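S.K.: Here it is, the structure, as structure tokens.
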Amino acid sequence: MKLNIALLILLISLLSACGDDVLPKPKAMLRLEYPSAREGELETDHFSIRYNETARLNAEANSSFRLDYPLMKGSIFINYKAVNGNLDKLLIDAQKLSYEHVVKADGIYEEPIVNESHKVFGMYYEVKGNAASQSQFYVTDSTKHFVTGSLYFYAKPNYDSILPAAVYLQEDIRKIIGSLRWKE
């Protein structure tokens with residue numbers, strides 16, 4: 001008898017708990033907030049650039065350095081090489097490096113870089129898809145200086161997940177390219 005009463009109470013409480021209609025939850029959007037860029041300047045023996053000071057600057061040599069973004073688990077690698085009659089080889093190597101990502105990429109967007117007043121010429125590559133590098137670039141004055149740069153994340157490439165960070169860092173790369181000035 002006590003078991004029947006307990007089952008009856010359980011049944012009544014279960015039925016009375018179902019009062020409102022079930023509504024689906026709205027789709028949520030991921031909200032990522034990155035710090036506002038604080039501009040700093042880097043001077044090397046060969047060129048100067050403006051960069052986002054929220055990145056940690058790691059100079060590996062006077063001709064090679066890295067901007068680390070720990071919050072986004074990514075880095076922008078920048079390398080300098082002198083042009084000594086080897087401009088064709090430097091251009092081929094830079095273009096080859098960019099197109100090595102075609103295998104995994106959904107597409108590569110090319111943007112020519114032409115700043116005649118400061119003698120900065122080159123190409124910017126934006127890679128779409130699950131490639132190892134989301135951006136690459138090279139710039140030169142065509143006579144003395146050659147700089148390459150690339151963006152890498154310290155995670156397995158998953159384009160949907162890294163896209164917000166990639167867009168943020170690609171904007172930093174464009175600012176670096178736009179601020180680059182050669183030293184004579």
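Every number in this text was worked out from the coordinates using simple rules, so none of it is lab data. What you see is a predicted model; the values in this text were computed from it and never measured. Note that each Cβ is placed from the backbone with ideal geometry, even for glycine, and that neighbours are counted across all protein chains shown.
S.K.: Given the options Leu7, Thr140, Ser117, identify the residue whose Cα lies farthest towards the positive end of the charge dipole of the chain (+1 on Cβ of Lys, Arg; -1 on Cβ of Asp, Glu).
M.R.: It is Leu7, whose Cα lies furthest towards the positive end.
S.K.: Oh, and also: Normalising by the residue count of the stretch 39-182, find the relative contact order in percent from Cα pairs under 8 Å and 6+ residues apart. Write down the numbers at each step before the final one.
M.R.: On the way: 265 pairs, mean separation 36.0, N = 144.
Across the stretch 39-182, relative contact order equals 25 percent.
S.K.: Would you mind ranking Ser117, Ser75, Ser64 so that the residue whose beta carbon has the fewest other beta carbons within 10 Å leads the list? Mind dumping the intermediate values first?
M.R.: Details: Ser117 5, Ser75 20, Ser64 15.
Exposure proxy ranking, most exposed first: Ser117, Ser64, Ser75.
S.K.: How high is the FRET efficiency from Val167 to Asn86, r the C-beta distance, R0 25 Å, rounded to 0.05?
M.R.: Values: r = 34 Å, r/R0 = 1.37.
Rounded to the nearest 0.05, the efficiency is 0.15.
S.K.: Would you kindly derive the ³J(HN,Hα) couplings of the stretch 40-55 from the backbone phi angles with the Karplus curve 6.51 cos²θ - 1.76 cosθ + 1.60 (θ = phi - 60°), listing them in order in whole Hz, with x for Gly and Pro?
M.R.: x, 10, 10, 10, 10, 5, 10, 7, 10, 9, 9, 9, 7, 6, 6, 7
S.K.: Could you work out which residue, out of Lys81, Lys25, Lys89, moves most in a Gaussian network model of the chain, that is, has the largest mean-square fluctuation with Cα springs under 10 Å?
M.R.: Lys25
S.K.: Among Ser63, Ser142, which comes first, second and so on when ranked by fewest other beta-carbon atoms within 10 Å? Before the final figure, lay out the partial values.
M.R.: Numbers: Ser63 16, Ser142 13.
Going from least to most buried by this count: Ser142, Ser63.
S.K.: Quick one: among Pro35, Pro112, Pro70, which has the greatest mean-square fluctuation in a GNM of the chain with alpha-carbon springs under 10 angstrom?
M.R.: Pro35
S.K.: As a test of the formula, what do you get for the chain when each DSSP H run with n ≥ 4 contributes -39,500 (n - 2.57) and the sum is divided by the residue count, at 222 nm and rounded to the nearest 500 deg cm²/dmol?
M.R.: Only helices count here, giving -9000 deg cm²/dmol.
S.K.: In addition: Going by how many other Cβ atoms sit within 10 Å of their own, how do Tyr138, Tyr109 line up, fewest first? Could you put the intermediate results ahead of the total?
M.R.: Details: Tyr138 25, Tyr109 11.
Lowest to highest Cβ neighbour count: Tyr109, Tyr138.
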